[in-house]
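All remarks here apply to the structure that follows.
The values are calculated or read from the model by the stated rules, or taken from the named source; none is laboratory data. Small disclaimer: the values here were computed from a predicted structure and weren't measured. When the accessible area is computed, the model is the full protein with side chains, heavy atoms only, and any ligands, DNA or RNA have been set aside. Shrake-Rupley method; radii C 1.70, N 1.55, O 1.52, S 1.80 Å.
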Amino acid sequence: MLLLPFQLLAVLFPGGDSEDAFRGSTSFHIIQISSFANSTWAHNQGSGWLDDLQIHEWNSDSGTFIFLKPWSKGNFSDEEIAELEKIFRDHIYGYTHHIQRRARELKVKFPIEAQVITGCELRSEGSTVSFLREAIGGLDFLSLEKDTCVPAPEGGSRAQDACKLIKMHPTFFYHMMKLLFDTCPRYLLGVLDAGKAELQRQVKPEAWLSSGPSPGPGRLLLVCHVSGFYPKPVWVRWMRGEQEQPGTQHSDLLPNADWTWYLRATLDVAAGEAAGLSCQVKHSSLEGQDIILHWGHPISIGLIFLAIIVPFLILLLCLALWYKRRR
């Protein structure tokens, strides 16, 4: 069983030439955001993610999952999905009432914004790591490490009291551990298998160069745009021959509407040092045929003069010949 995650990950996230080129792990996680205006009003949002790809949304009105991909159920049966929906409904209900009821006891003032992220990760060597982290008001509150509730230093005595309360309910804690360490890894493996046709697709990037706003007198900002690629892992560097330029800066990876990705790599250089630089792009879809774009050499004044005067001289010559024939 441990071999399966390794085989899937090897296909989904092939290796690259540097540590940050391609990833070797993937995760499924649920994000819960609970907003409490007072002790009687609360709003809960939930979503499920495969790494950076959202595959579920929680319908708080019906208390059911919305599946955003045809393969979002993985290999779970309708009965198993219905059971998970019930567990999540009960959790949301219990969590909401617990916060509202115990806010004064825990010395928490309304309004309250609570965030929970929980799930599991399959690493390239085949190991599984499960996690749960909770934050209140943007500050870490508590986490689960293996089978222990760990209060965050930022949570102070409130987080310590919350962990004590969790430990006082061993049945609840057992079921939570079962979901994290048994159900989640099984589900993640099923999703990777059911969605492999889409997850394994390879879309080649397009790349182009431009200049950005001048960083200062006598300097240029070279910009290499890379867009439309899938999967997400990509390697983009400004190069001089075979030498990487250490000043390369990368933007965040941004999603396109068609589920592909966009990245921008910039380099601040002296205007006289731009010649000879190139942008190199590595991506699994290119199958080793890297994209290399060379920064253009500046056009001299003489070339500009020739580009203007030569067509004009040709035009005069043609007019002279036409006039001579007419005579």
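In sequence order, what are the phi-derived ³J(HN,Hα) couplings for the range 210-220 according to the Karplus relation 6.51 cos²θ - 1.76 cosθ + 1.60 with θ = phi - 60°, rounded to whole Hz, with x for glycine and proline?
7, 10, x, x, 4, x, x, x, x, 10, 10
Whole-Hz ³J(HN,Hα) for each residue in the range 250-260, computed from phi via Karplus 6.51 cos²θ - 1.76 cosθ + 1.60 with θ = phi - 60°, x for glycine and proline: what do you get?
Per-residue couplings from phi come out as 10, 6, 5, 6, 10, x, 8, 5, 9, 6, 9 Hz.
Which of the three applies to the range 253-294, rounded, prolate or oblate, going by the alpha-carbon gyration tensor with a ≥ b ≥ c and a/c under 1.5 meaning rounded?
oblate
Excluding ligands, DNA and RNA, what is the solvent-accessible area per residue of the range 129-173 at a probe of 1.4 Å, expressed in Å²?
60 Å²
For the range 58-166, what class follows from the C-alpha gyration tensor (a ≥ b ≥ c being the square roots of its eigenvalues): rounded when a/c is under 1.5, otherwise prolate if a/b is larger than b/c, else oblate?
Judged from the Cα gyration tensor, the range 58-166 comes out oblate (a/c at least 1.5, b/c at or above a/b).
Out of residues 5 or more away from Ser130 or on other chains, whose amide H comes under 5 Å of its own, with H placed 1.01 Å from N in the peptide plane?
Glu121
Kindly provide the pair-distance distribution of the range 92-236 built from C-alpha pairs, with 5 Å bins from 0 and whole-percent values in order of increasing distance.
For the range 92-236, the pair-distance distribution reads 2, 7, 12, 14, 12, 9, 9, 9, 9, 8, 6, 3, 1, 0.
Please work out, to two decimal places, the log10 of the ratio I(q)/I(0) at q = 0.10 Å⁻¹ from a Debye calculation in which every Cα of the range 188-285 carries one identical scatterer.
-0.34
In whole angstrom, how far apart do the alpha carbon centroids of the range 102-131 and the range 147-209 sit?
Result: 8 Å between the Cα centres.
Out of the total accessible area of the range 135-291 (probe 1.4 Å, heavy atoms of protein only), what percent is carbon and sulfur? Could you put the intermediate results ahead of the total?
Numbers: 4510 of 8310 Å².
In the range 135-291, the share of accessible area belonging to carbon and sulfur is 54 percent.
If you average 1/r across every pair of different Cα atoms in the range 158-203 and take the reciprocal, what Kirkwood value do you get, in Å?
Details: mean 1/r = 0.0758 Å⁻¹.
That comes to 13.2 Å for the range 158-203.
Near the amide H of Arg219, under 5 Å away, which other amide H atoms are found, from residues 5 or more places off or on another chain, if H is placed in the peptide plane?
Hits under the 5 Å cutoff: Ala271.
Starting at the first residue of the range 289-295, write each ³J(HN,Hα) from the Karplus equation 6.51 cos²θ - 1.76 cosθ + 1.60 with θ = phi - 60°, in whole Hz, x for Gly and Pro.
8, 4, 7, 10, 10, 9, 5
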